[in-house]
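Asks: Take this structure first; my questions come after.
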Amino acid sequence: MPGGTLFDVLHRHEPCMVLGWDTRFRFTLGIAQGLSYLHHDRVPQVIHRYFKLDNNFMYSELEPEIGDFRM
């Protein structure tokens, strides 16, 4: 992903990227909607058991994508 992982943005990005509250909210909401879809709307349901900063990828516009399902 062009934006890297959420871990990269928070800990490794040079120069340090400051995330405003609007960006944080949009990213958090996107991840929550993705997990809700996986748990409630997808058939068969998927439970993401390895959810961590390194498994949340970001597009260049800081739009989230959940990855690494280890199914």
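Derivation of every value follows stated rules applied to the coordinates shown; laboratory data play no part. This structure is a prediction, so every number in the text was calculated from the model and none was measured. Quick reminder, even Gly has a Cβ in these numbers, built from the backbone with ideal geometry, and neighbours come from all protein chains shown.
Asks: Find out how many positive minus negative residues lie around GLY30, taking Lys and Arg as positive, Asp and Glu as negative, among other residues whose Cβ is under 14 Å from that of GLY30. Before the final figure, lay out the partial values.
Replies: Details: positive: ARG24, ARG26; negative: ASP22, GLU61, GLU63, GLU65.
Local net charge: -2.
Asks: Go ahead and run the numbers for FRET between ASP22 and ASP68, Cβ-Cβ distance against an R0 of 22 Å, rounding to 0.05. Please report the intermediate quantities before stating the final value.
Replies: Values: r = 27 Å, r/R0 = 1.22.
E between ASP22 and ASP68, to the nearest 0.05, is 0.25.
Asks: Still on this structure, please answer the following. Measuring from label point to label point, each 7 Å out along Cα→Cβ, what is the GLN33 to TYR50 span in nm?
Replies: 2.6 nm
Asks: What nm value, rounded to one decimal, do you get for the distance between ASP41 and TYR59 when each label is placed 7 Å out toward the C-beta?
Replies: Once both label points are built, they end up 1.5 nm from each other.
Asks: Sticking with this structure for a sec: For segment 6-66, report the translational diffusion coefficient in µm²/s to the nearest whole number, using Stokes-Einstein at 20 °C, 1.002 mPa s, and a Kirkwood Rh over Cα pairs. Don't jump to the answer; show the numbers that get you there.
Replies: Numbers: Rh = 12.5 Å.
After rounding, the answer is 171 µm²/s.
Asks: Magnitude of the Cβ-charge dipole of segment 6-66, K/R +1 and D/E -1, about the Cα centre, nearest 20 debye? Before the final figure, lay out the partial values.
Replies: Details: 6 positive and 8 negative charges, 54 e Å.
So the dipole magnitude of segment 6-66 works out to roughly 260 debye.
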